[in-house]
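The values are calculated or read from the model by the stated rules, or taken from the named source; none is laboratory data. Bear in mind that the values here come from a model prediction, so they are computed numbers and not experimental data. Backbone-built Cβ (ideal geometry, glycine too); neighbour counts: all protein chains shown.
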Amino acid sequence: MSLPRGDWDQIRTLGPASVTIDGIAVRAGSRVRCRPRRGGDVLDIALAGRAATVAEVLQSTEGVVHLAVTIDDDPGRDLGEQRQIGHRFFFAPEEVEPLGGPVAPPLPPRILVAGIGNVFLGDDGFGVAVAERLAQRELPERVHVEDYGIRGMDLAYALHDYDVALFVDATPRGAAPGTLYVIEPDLDAADPAPDAHGMDPVQVLALAQALGGRMPRVIVVGCEPQHVMTGEEDEIVAELTEPVRAALPWAVGLVESVIESVRKEAMT
């Protein structure tokens with residue numbers, strides 16, 4: 001059965017790895033036949049008997065399990081795999097019949113590489129510069145690179161559409177300028193009072209959590225700046241310092257290495 005948008009948002013939490021139907025373990029990649037319960041709407045009638053593939057096993061905040069499926073003969077099936085409404089449908093376990101055949105291999109995770117920073121605050125533009133370079137390279141499927149600059153609200157809303165988010169940002173931690181870091185922050189430590197108008201990564205995460213829905217895994221690829229500007233200075237500085245600029249090609253390689261590692265981990 002298809003769910004209204006509001007209900008769909010409520011069940012985006014990952015559920016169990018599989019559910020048992022007629023003695024068969026059904027998980028992401030399993031093929032099923034839709035058997036919606038009697039008394040459904042027109043869409044239920046249209047989907048009855050159609051073969052489908054399970055995209056995810058989800059669970060509502062009340063603990064109710066649903067199977068998110070894409071219809072095998074839907075010309076827009078790829079949109080369903082991208083979680084687009086209208087090509088992705090939800091059924092209770094008792095509303096599907098397991099089909100034989102091999103389980104489809106798992107899809108690679110959806111990865112967002114988000115360049116963060118203000119290009120007019122010197123080294124704060126590090127993340128934007130890395131995103132610009134990555135956008136010119138050939139990256140694996142289901143990896144999206146975007147320069148978010150200081151658009152914190154846009155980034156907070158986008159996070160729920162991905163399995164993994166890589167924040168690329170200037171990260172002052174006291175090491176030598178140009179030092180690169182890979183950090184996996186504790187999402188539970190995000191400030192509970194989110195700011196919808198800023199681009200501090202912690203505030204962005206707090207805002208995304210406040211919006212509800214499933215949070216992605218978050219990894220930060222950071223660079224130690226030589227100078228930290230606050231925006232209160234009299235002059236605009238639209239260039240990176242030499243040590244940070246020299247770190248750019250290494251940062252691009254580091255991001256690509258993290259992407260490869262995350263994909264390998266998810267597919268094994």
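For the range 39-67, which positions are free of Cβ contacts under 8 Å to residues at least 24 places away in the same chain and either in a loop (DSSP other than H, G, I, E, B) or under 21 Å from Val26 (Cα atoms) (or both)? Residues satisfying the conditions are Gly39, Ala48, Gly49, Arg50, Glu62, Gly63. The number of residues in the range 96-110 that are assigned to a strand (DSSP E or B) and either modelled with pLDDT of 95 or more or surrounded by fewer than 21 Cβ atoms within 10 Å (Cβ to Cβ) (or both) comes to 2. Give the residue that is surrounded by the most Cβ atoms within 10 Å (Cβ to Cβ), with candidates limited to residues of the range 216-235 that are within 15 Å of Ile150 (Cβ to Cβ) and not aliphatic (A, V, I, L, M). In this case the residue turns out to be Gly231.
In the range 236-245, is there at least one residue being closer than 24 Å to Ala156 by Cβ and buried (at least 21 other Cβ atoms within 10 Å of the Cβ)? No: the range 236-245 contains no residue that is closer than 24 Å to Ala156 by Cβ and buried (at least 21 other Cβ atoms within 10 Å of the Cβ).
Residues are listed down the side, and each one gets a yes or a no for (1) more than 18 Å from the chain's Cα centre (by Cα); (2) assigned by TED's automatic domain parsing to the domain that holds Val57; (3) surrounded by 18 or more Cβ atoms within 10 Å (Cβ to Cβ); (4) modelled with pLDDT of 90 or more:
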| residue | (1), (2), (3), (4) |
| --- | --- |
| Glu94 | yes, yes, no, yes |
| Gly115 | no, no, yes, yes |
| Asp123 | yes, no, yes, yes |
| Ala131 | no, no, yes, yes |
| Leu139 | no, no, no, yes |
| Asp147 | no, no, yes, yes |
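Applying the criterion of being surrounded by 14 or more Cβ atoms within 10 Å (Cβ to Cβ) and at pLDDT below 85 to the residues of the range 30-45, the residue that is nearest to Arg214 (Cα to Cα) is Asp44. Of the candidates Glu56, Glu81, the single residue that is surrounded by 14 or more Cβ atoms within 10 Å (Cβ to Cβ), within 30 Å of Ser257 (Cα to Cα) and either of a type in the set (A, V, I, L, M) or at pLDDT 80 or above (or both) is Glu56.
Residue pairs whose Cβ atoms lie under 8 Å apart, separated by 6 or more positions or on different chains, with the first residue in the range 160-184 and assigned by TED's automatic domain parsing to the domain that holds Glu141 and the second crowded, with 17+ Cβ neighbours inside 10 Å and of a type in the set (Phe, Trp, Tyr), are Val168/Phe126; Asp169/Phe126; Ala170/Phe126.
The number of residues in the range 186-215 being assigned to a loop (DSSP other than H, G, I, E, B) and either surrounded by 21 or more Cβ atoms within 10 Å (Cβ to Cβ) or at pLDDT below 75 (or both) comes to 15.
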